[in-house]
Every structure is written in C-alpha cells, then in structure tokens.
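Beneath this line is the structure, given in structure tokens, with notes to follow.
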Amino acid sequence: LLILLCCLDQAWILLRFRQKSSILAVQMQDNDGNADLEPSEKALLENFYPREWILGHLRSGSGMAPRIDRDHVYFFSTVAVDFENSLLPHFIQHYLDMGILAENFLIMLNTHTKDSRNLGEAIEILRTFSIKPKKIWVGQYTAQKMRERRASVLDESVGRSRDKWVVHADSDELHEFPTNLFEFIHSMRSDGFDVAWGLFLDHVAADCTLQPVRQSPSLWEQFPLLTDVTKNVLHGNVKKIVLYSARFRTNAGNHHVDFQNRKQIHVYPWYMTVHHFKWVPSVVQKLQERLQVYRQQNVHFFRESEAFLENYRRTRHVCSREGVS
C-alpha cells in the first residue's frame, strides 16, 4: 500500500508539473507573467534549480521512452561572420564535446558580401571540424529574414519529426545541461516534456572592459566575471529556448515557441544555464549597425542596442552595477 501511495504521489507531481509547464509556456509568450502560479511554484520555475536535485530527478526518470539516437539530435545556429569569427572555434568545440555529430550541425553563415574575407575564414574554421555550412546567406541581417531562412533550413533538415531534437544557440551562447545531453533528452521525452528554456549568465573580462577573444586559454578563463548585462543594462529578455522537439519552431529572437496551440507545449520546469560571451570589442560595431536597421524598421529591439551603446559611451565598461560576482 505504501509503495502504491508513493507511486500515486509521484504521478500527481508529474501531472501537476506538466499542467504548470503548459501554463508557463503560454505566459512566457505573454509578457512573461506567472499570475496563475502559486508562490512556491513560481519560485521553482523562475530560478535555477539545485543541480543535485535535477540530477536526482533525471536518475529517477521512468525510462519508458526508447533511448535517443545520436543521429536524431541536431544543432542549429546562425553565425554573423563579419562580427563573430573569433568565438567560432570555441563555440563549435563546445557543442561537439556534447556528442552532437558533426554532420548534424546546421550552421547558417551570414555576411554582407559574398567576397567577404571573413566568410572564407569561417568556412575554413568549420572545415577543420569536418562541418560544412548548411546555408550561406549574403545580405543585410534582420531578425525577420533570419527567421525565414532558419525555418527553411530546419524544414529541409529535420522536418517536423517528433523523433528529432534541436539544440539551438546563438554563436555567442554556450549552453549547459545538468547531465549528458542525450540522457537529458531521454529524460525529458520520458516525462512528456518537449521544450527546455535557459537563462543568460553574462561572462565578461575581469576588468569589465571589452576584450578580444583569444584561441587560448578557455573562454571561462578569458571572461571569468559573471554579471547580468542583458538584464540590468539592456533591459532585455534573459530567457532563451535551448532545446526543443523538431516539431516546433522558435520566434526570431529564439525566446518563444511558435505553435498554434500553445497548450500543447510542455516545457521542462527548470532552466538550463546559457553562458553568454557577447561582450567583446566587435559588439559595438554590431549593435551600432543593428540599431540603425531596427530603428528604420521601428522594431523594438533597437532599444536594447541603444541602452548598451549609451551605457558604454558613458562608462567605457560593460558591467552592470548589480549582479556582479
């Protein structure tokens, strides 16, 4: 009887989390509200959960779903090569180390001109990792154009298969999962979840200035200071989708899931960590250009770029006053 009661209790907890994860998916799409959540559930869903607890949850998973095949896990990213080549080797190596197959890397390269020296350099960097770019996009970057081209690449490569999964990252984001990627996906699928969110953790140089990326040492050593530039300076959205079933697509900023019936989205109830290495010298030129483009299009993204550039002009450093460790 005791065993039966424990099983019923665990089943109720899982059902409750699935219900709440659906609510969370809808509310994150609508101004990030959590009005329908109880205080304890809000705290659970909005904070990094202790790693030991998550690992215990993963180890106690039902195991009923078949193991995920490596060739069913894909990685997608758009790389603006005119700005981000110095990060590229570190970035690619990070996700290869997770065990994602080189042939499953769906990399879209963007550059202003087909004669760009940076484009050739990026292709060569990928070649050293046995990766071929999936698409080369020549032209002015905008979020909407990127979204359309990304959808085309994903439709062609993974379709809308429930059996395939996509790890999704911008080229300055290194995701951290609580355990082996494939074990994590297996646990998610076993428990009925199909989307995982992450929270930004901004990494900056020790003196809070914009320092160039070097080949060595590791990014963790080059940018050891942890802060929340995105939240406190840009006042931007710090939530990013890091992993999802291939039947979904994400919005332009990769902050939300595009799906007709949002109640069918079951979000994993704990956030991953998104280590964010954006704060290098090229970010100034990049944001100046984006600011001009988005202002012309009257897209609200320009306010984030504007906030950072104004703060950097005044202070010449990138750290926010709050949240530095």
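Every read-out reported here was derived from the displayed coordinates using simple, explicitly stated rules and does not represent laboratory data. Source: prediction; values computed, not measured. Neighbour counts are summed over all protein chains in view; Cβ atoms, including those assigned to glycine, are modelled from backbone coordinates with ideal geometry.
Side notes on the structure shown:
- Here the Karplus relation 6.51 cos²θ - 1.76 cosθ + 1.60, evaluated at θ = phi - 60°, turns the backbone of region 123-134 into coupling constants of 4, 5, 4, 4, 4, 5, 9, 6, 10, 10, x, 6 Hz, with x for every Gly and Pro.
- Karplus-based coupling profile of region 71-84, in residue order and whole Hz: 6, 9, 10, 10, 10, 10, 7, 9, 10, 7, 5, 6, 10, 10, with θ = phi - 60° in 6.51 cos²θ - 1.76 cosθ + 1.60 and x standing for Gly or Pro.
- Cα centroids of region 172-212 and region 71-123: 18 Å apart.
- Peptides 189-200, 204-215 ordered by average Cβ neighbours within 10 Å, highest first: 189-200, 204-215
- Once backbone amide H atoms are built at 1.01 Å from N, Asn110 has Val79, Ala80, Val81, Trp137 as its partners under 5 Å, excluding neighbours fewer than 5 places away on the same chain.
- Gyration tensor (alpha-carbon) shape descriptor, region 128-212, a/c threshold 1.5: oblate
- In terms of its Cα atoms, region 102-250 spans 45, 39, 31 Å along the principal axes, sorted from long to short.
- Ratio Rg/Rh, restricted to region 146-196 and using Cα atoms, in which Rh is the Kirkwood radius: 1.00
- For Arg249, nonlocal amide neighbours, meaning residues 5 or more places apart or on other chains whose placed amide H falls under 5 Å from its own, are Asp258.
- The calculated P(r) of region 192-325, using every Cα pair and 10 Å bins from 0, goes 12, 36, 32, 18, 2 in percent.
- Backbone phi angles across region 170-180, fed through the Karplus curve with coefficients 6.51, -1.76 and 1.60 (θ = phi - 60°), yield HN-Hα couplings of 6, 6, 10, 10, 10, 7, 10, 9, x, 7, 3 Hz in residue order; Gly and Pro are listed as x.
- Beta bridge orientation in region 66-158: antiparallel %, DSSP, nearest 5: 0
- Farthest toward the positive end of the dipole of region 118-178, out of Thr128, Phe177, Thr142, is the Cα of Thr142, where the dipole comes from beta carbon charges about the Cα centre.
- Isotropically averaged projected area of region 187-266, using the convex hull of Cα atoms (one quarter of hull area), nm²: 7.6
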